[in-house]
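Below is one structure; the comments refer to it alone.
The values are calculated or read from the model by the stated rules, or taken from the named source; none is laboratory data. None of these values were measured; they are calculated from a predicted model. Cβ sites come from the backbone with ideal geometry, for glycine too, and all protein chains shown count toward neighbours.
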């Protein structure tokens, strides 16, 4: 979960919101949505313990075609786009630390290819790197929070509610900014994509979902409070490398560069996590559908090489052709819709299959899924109104998944029919 979003998204939120209270509420609301989603996904993962995330859930709850659309999204841009975003941010932060280094484009492509090659070598190396780098990222954020509050000269900003905050909380800027926040929290459901590689998934999947989301909520609120407390908002508006700007403001030019370098390492870890998880969805889809069977094969080291190479090709294309903000807005509507349908499935499944074994049941049901559904519906409506082209493009991508599913089903039927 701790990746690129928390180090970059505040600059985009400041374009429409300049209230300290509303900005912190963004991260609290986003964390509440992620926590409610994690509680619901925990029930689904324990009841249906198979890798694939929404592909597995929606196929079982509704129809295989709907599950395939969600899986198609994950296999094409659902993970490739966040990798591209993290790689772009890596390039921006690296250039902030070493202005005379290679171009941002070369840096973004280089880090993506290097991490992918590491994952092609086997699961053991990639898992060890990811575990170590995740601990490092959490410590980095804690140090940032402590030192920021302890040594920074505070800005004249209030975290108490004011007259304009009600307008902020119910308006389009808040809903659109919530998209960037939810991108930062994306990963709260990541465990469900690799359930098949877990030990005792019916117990560990819900625990990993809930514990990670709760810890990250606290870290994210604290970190963004430090950003707002320590640095003039005018310096951060529209900027991608927010943490580098804050680091230089709090620690000075040299200290800021060190912080920027540490964040670069953290971004490599974020890329590594998504390179690991994304191809596993494509692999599971290949196990089910003849047309995608090539992606189901593993190397001797247990690596789905074809699925990883497909993802690398898509990431490379996105880096070469898109900007950070346009990529994010393109994917977020479709990803949010998939999560909406999965959480709705908790309620649907309670009615359709009341006797289904549920080792873990959603805490606070039905309030918990209803909160998630209400807030994500709020986001979806405003995305359609404010970003219609990007939102409809995401729906079009889902629709192409239906075509691929039909072609694969047709081919399978021809093989089976005498």
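Give the range 296-306 a look and list any residue that's assigned to a helix (DSSP H, G or I) and either modelled with pLDDT of 80 or more or buried (at least 24 other Cβ atoms within 10 Å of the Cβ) (or both), or say none. Talk me through it step by step, then tell me what you get.
Quick first cut of the range 296-306, residues assigned to a helix (DSSP H, G or I) only: 296, 305-306.
Across the range 296-306, the qualifying residues are 305, 306.
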Query - Filter result (buried (at least 17 other Cβ atoms within 10 Å of the Cβ) and at pLDDT 90 or above) within the range 112-134 - result: 112
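Hand me the list of helices (runs of 4 or more DSSP H) wholly inside the range 11-76 holding 1 or more residues that are surrounded by fewer than 24 Cβ atoms within 10 Å (Cβ to Cβ) and modelled with pLDDT under 85. Write out each step before concluding.
Numbers: elements: 20-47, 54-61, 64-73.
Once the helices (runs of 4 or more DSSP H) in the range 11-76 are filtered for at least 1 residues that are surrounded by fewer than 24 Cβ atoms within 10 Å (Cβ to Cβ) and modelled with pLDDT under 85, what remains is 20-47.
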Requested in this report: Scan the range 144-153 for residues that are in a helix (DSSP H, G or I) and either in contact (Cβ under 8 Å) with a residue 24 or more places away in the chain or surrounded by 12 or more Cβ atoms within 10 Å (Cβ to Cβ) (or both) and jot them down.
Outcome: 144, 145, 146, 147, 148, 149, 151
Query raised in the report: Would a scan of the range 234-247 turn up a residue that is more than 19 Å from residue 5 (Cα to Cα) and crowded, with 22+ Cβ neighbours inside 10 Å?
Result: no
Query raised in the report: Out of curiosity, is residue 309 assigned to a helix (DSSP H, G or I) and surrounded by 15 or more Cβ atoms within 10 Å (Cβ to Cβ)?
Result: no
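Please tell me if residue 391 is more than 30 Å from residue 204 (Cα to Cα), out of contact with any strand residue (DSSP E or B) (no Cβ under 9 Å at 6 or more places or on another chain), at pLDDT below 90 and surrounded by fewer than 19 Cβ atoms within 10 Å (Cβ to Cβ).
Values: more than 30 Å from residue 204 (Cα to Cα): yes; out of contact with any strand residue (DSSP E or B) (no Cβ under 9 Å at 6 or more places or on another chain): yes; at pLDDT below 90: yes; surrounded by fewer than 19 Cβ atoms within 10 Å (Cβ to Cβ): no.
Here the answer is no, as residue 391 does not meet what is asked.
Would you confirm, using the coordinates I've provided, whether residue 175 is assigned to a helix (DSSP H, G or I) and under 26 Å from residue 336 (Cα atoms)?
Values: assigned to a helix (DSSP H, G or I): yes; under 26 Å from residue 336 (Cα atoms): yes.
Yes.
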Query - Subset tally (residues that are farther than 16 Å from residue 40 by Cα and either in a loop (DSSP other than H, G, I, E, B) or within 17 Å of the chain's Cα centre (by Cα) (or both)) for the range 354-390 - result: 4
**Report entry** Residue among 184, 177 that alone is buried (at least 23 other Cβ atoms within 10 Å of the Cβ), more than 22 Å from residue 75 (Cα to Cα), at pLDDT 75 or above and in contact with a helix residue (DSSP H, G or I) (Cβ under 7 Å, 6 or more places away or on another chain)
**Finding:** 177
Report summary line: The correct count of residues that are buried (at least 20 other Cβ atoms within 10 Å of the Cβ) and farther than 18 Å from residue 64 by Cα in the range 269-294 is 11
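Does residue 315 satisfy being within 20 Å of residue 58 (Cα to Cα) and either surrounded by 18 or more Cβ atoms within 10 Å (Cβ to Cβ) or out of contact with any helix residue (DSSP H, G or I) (no Cβ under 6 Å at 6 or more places or on another chain) (or both)? Show your work before the answer.
Numbers: within 20 Å of residue 58 (Cα to Cα): no; either surrounded by 18 or more Cβ atoms within 10 Å (Cβ to Cβ) or out of contact with any helix residue (DSSP H, G or I) (no Cβ under 6 Å at 6 or more places or on another chain) (or both): yes.
Answer is no for this residue.
Yes or no, residue by residue, for (1) under 23 Å from residue 332 (Cβ atoms); (2) modelled with pLDDT under 80:
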position	(1), (2)
195	no, yes
213	yes, no
219	yes, no
223	yes, no
234	no, no
238	yes, yes
262	no, yes
286	no, yes
Requested in this report: Would you be able to say whether some residue in the range 238-249 is touching a residue at least 40 places away in the same chain (Cβ under 8 Å), under 30 Å from residue 69 (Cα atoms) and part of a helix (DSSP H, G or I)?
Outcome: no
